[in-house]
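Everything below concerns the one structure shown next.
Coordinate-derived values only; no laboratory data. Just so you know, these numbers come straight off a predicted model, no measurement behind them. When we count neighbours, we look across all protein chains shown, and the Cβ atoms used for this are built from the backbone with ideal geometry, even at glycine.
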Amino acid sequence: MSEAPILSARDLRVELRSRRGSFDLVADALDLFAREALVILGPNGSGKSTLMRTLAGLERPVSGRVVSVATGPVTMVFQRPAPFAGSVAHNVRVAFLGRQRSGADLKGSVRDALERFKINHLAEHRAATLSGGEMRRLALARAFALRPAVLLLDEAFAGLDADGQAALSLDLRRAISDTGVAVAMVTHDLRRAMLLANRIAVLIDGKLAQVGLRDDVLEQPSSFEIAEVVGMTNLVQGVVASDRRGDCALVEVDAQHRIATRAECPVGSRVWIGIRPEHLKLDVGRGAVDLIGKGVVRGVVNDGVAVSLQIDWAGAELRTHLMAGRGLARGLDVGAAVSLSASPEHVHLIPVRSD
Amino acid sequence: MSPPSIGLLIEITARTLAVCLPALAISLAVGLPIGIAIGRRRFAGRVPLVSLINTGMGAPPVVVGLLVYFALERNGPFGDLSWLYSPQAMILAQVVIALPLIIGITLAAVGSLDEDWDLQVRTLGVPKRWRLWLLAREIRMGLLAAVITALGGILSEVGAVMAVGGNLEGETRVLTTAILMYTQMGELEIALGLAVILVGLMLVLAGLLTAVQQSGRT
């Protein structure tokens, strides 16, 4: 992106306190641009909330700085939204405290804010009586009421069921595109990240480990830990072979299993082979060119929408998904032998660290 | 001794209020900020301080009266004030009784707020002068409970005001000390009449405060 960031962190070091003790949060460079949604992923305790709070100016870094050139407010929605005592409408009015507004103007603004997140019918209810999902909606409505230039969301979907998450994330996505606010959000829910993110940043053990465009990070994680966080769950070790197949490198898992890839690593080096579950295909005998060999189905989980398969392949457990109720998915059961394929451009390599 | 006239009853009642209400006002003015500060901050020595306050909440008033007496007697550290046996001494004693109650209940109310409450208010851009208003609004149930408890404590208290006020007619005689005196004198009807006034006073004041407290429950 060529424009200047609206919020940027440089050489950040923040002391991180958690139940597991204290360590440092380190982020060399993190930028947030106008009109983008940056999703920060990381395992529990990796410093996501601390990073959010630091960007919001609520935590003071030990060194480094956060620079904001935002022309509007920078606001944050917390992991546990605690509503103020009083009505839902009062909760939104709090965002206007101290700002000169006429009564009618204020009323209209409050109504607009509530409508944005579809809770206008609850305006006169006591905020404390709202359900978890309604409370999240209230917290977002209140934050958007400020007309923020930057919105920081800490686990905005925590504690919601799948339907609630899906509905809220659609409303949130519309609110983001309607207002043009720059959003940085923390989540450990990969599916939310996929739906909302333009870019993804990954925190591992308090370190900002990778930042990039969504698909780049999802498909080319730079370490084993990042791969796990971004859902590249099929990870198998192999050695880069000396021979090639066309313009593809070959990686040898064992004597029977070799995988072609467009990724490049030095011949002879130990690598993690990473394949996202959605890129691991079952071959139905159409003679696919990217066959990687046969596997045995070890687990089938059908939730009515998707069928998740665990497949034993070359001593490793691989995962893939099929649409429920269609073709292959119907007859598959534990113990079935299947042919697997993965196209070389979706086979990613990560050097194995020697430590 | 002749039974007190209506005028005297009114005078005693008025003096009771003249002692209790300033004592309450001073306790609130001093106690609320302290309660809020202790409730919202973490600092070394907080736990011993809070347990000291909790102890103070249950301190026997007659012992408080004794301590204030020692402080105010002619050879005491504040003897030069010549406050002993004056309404000022009674107000002081009642402040010492009410203060821990107000601090203790306020800090409990503030402590029940979400850990992130201050941060949420800050990130919503609420100006500083509005934050205290918002906080008071959040904990108004607790605050009014503090006021009612403190008022009840000092209005009904007899040991301390007797010790430092002395129950001097026309000067430091208040409802409780008068009730005690008339009871000891065997003037039970007068004692009972004064008791009715005292209970009535408490009913009215607590009723008003409760009405305020409950009105905001929407």
Per-residue mean of C-beta atoms belonging to partner chains within 10 Å, peptide A:207-217: 0
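Could you work out the relative contact order of region A:232-351? I mean the mean sequence separation of Cα pairs under 8 Å and 6+ apart, divided by the number of residues, in percent.
32
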field: Label point at A:ASP11 placed 7 Å out along Cα→Cβ; residues across region A:43-72 whose backbone nitrogen lies under 15 Å
entry: A:61-67
Label-point separation in nm, A:ASP243 to B:MET141, each point 7 Å along Cα→Cβ: 7.7
- request: Over the Cα atoms of region A:181-266, compute the convex hull volume and normalise it per residue, giving Å³.
  value: 125
- request: First obtain the Kirkwood hydrodynamic radius of the protein assembly as shown from its Cα pairs, then insert it into the Stokes-Einstein equation at 10 °C and 1.306 mPa s, and state the resulting D in µm² per second as a whole number.
  value: 54
- line: The alpha-carbon center of region B:197-213 and that of region A:178-198 are separated, in whole Å, by 54
statement: Averaged over the residues of B:116-122, the number of partner chain Cβ atoms within 10 Å of each residue's own Cβ comes to 6
query: Given the Cα atoms of chain B, and with Rh set as the inverse mean 1/r over their pairs in the Kirkwood sense, what is Rg to Rh to two decimals?
result: 1.05
field: chymotrypsin sites (Phe, Trp or Tyr not before Pro) lying in DSSP loop within region B:44-114, provided at most 16 other Cβ fall within 10 Å
entry: B:PHE78
- prompt: For region A:210-222, what does the Karplus curve 6.51 cos²θ - 1.76 cosθ + 1.60, with θ = phi - 60°, yield as ³J(HN,Hα) per residue in whole Hz, taken in order and with x for Gly and Pro?
  reply: 7, 9, x, 4, 3, 5, 4, 5, 5, 9, 10, x, 8
- request: Quick one: which residues, 5+ away or cross-chain, put their amide H under 5 Å from the amide H of A:VAL77? H built at 1.01 Å from N.
  value: A:LEU152, A:LEU153, A:ASP154
query: What nm distance separates the two modelled labels at B:LEU168 and A:ASP333, each placed 7 Å from Cα along Cα→Cβ?
result: 10.2
field: Volume per residue of the C-alpha convex hull in region A:123-199, rounded to whole Å³
entry: 96
message: Can you tell me the mean projection area, over all orientations, of the convex hull of region A:232-351's alpha carbons? Units nm², please.
response: 7.1
field: Inter-probe distance in nm under a simple model that places probes 7 Å from Cα toward Cβ, at A:ARG101 and B:LEU67
entry: 4.9
- prompt: D for region B:98-181, whole µm²/s, Stokes-Einstein with Kirkwood Rh over alpha-carbon pairs at 4 °C and 1.567 mPa s: what number?
  reply: 84
Two-decimal Rg to Rh for region A:7-227 - Kirkwood Rh, Cα set: 0.97
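Could you sort the peptides A:204-211, B:196-203, A:315-322 by per-residue average Cβ neighbour count (10 Å cutoff), highest mean leading?
Working: A:204-211: 20.0, B:196-203: 14.4, A:315-322: 16.9.
Final packing ranking: A:204-211, A:315-322, B:196-203.
To the nearest whole number, what is the average tally of beta carbon atoms from other chains within 10 Å of the beta carbons of peptide B:126-138?
Going residue by residue through B:126-138 and averaging, the value is 3.
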Peptides A:256-264, A:340-348 ordered by average Cβ neighbours within 10 Å, highest first: A:340-348, A:256-264
message: At 222 nm, what value in deg cm²/dmol follows for the protein assembly as shown if DSSP H runs of at least 4 each add -39500 (n - 2.57) and the sum is divided by all its residues, to the nearest 500?
response: -13500 deg cm²/dmol
query: For region B:19-84, with equal point scatterers placed on the C-alpha atoms only and solvent neglected, what are the log10 I(q)/I(0) values from the Debye formula at q = 0.27 1/Å, to two decimals?
result: -1.11
task: Anything in chain B that counts as a DSSP H helix reaching 27 Å or more along its axis (C-alpha) with Kyte-Doolittle mean of at least -0.5? List them, would you?
output: B:6-40, B:87-111, B:188-215
query: Suppose every K and R has +1 on its Cβ and every D and E has -1 on its Cβ; what is the size of the dipole of region A:232-351 about the Cα centre, in Debye to the nearest 20?
result: 180
- line: Among the DSSP H helices of chain A, those whose Cα atoms extend at least 15 Å along the helix axis and whose mean Kyte-Doolittle hydropathy is -1.0 or higher are A:103-116, A:132-145, A:162-179
- prompt: How big is the charge dipole of region A:7-227 about its Cα centre, in debye rounded to the nearest 20, if each Lys and Arg gets +1 on its Cβ and each Asp and Glu gets -1 on its Cβ?
  reply: 760
field: region B:149-218: Rg to Rh, with Rh as the Kirkwood radius over Cα pairs
entry: 1.10
message: Taking the Cα centroid of region A:1-71 and of region A:306-355, what is the distance between the two, rounded to the nearest whole Å?
response: 36
query: Along the charge dipole of region A:139-233, Cβ charges K/R +1 and D/E -1, which of A:PHE224, A:ALA141, A:GLN165 sits furthest on the positive end?
result: A:ALA141
statement: Between A:ILE204 and residues 5 or more places away or on another chain, the pairs with built amide H atoms under 5 Å apart involve A:ALA209
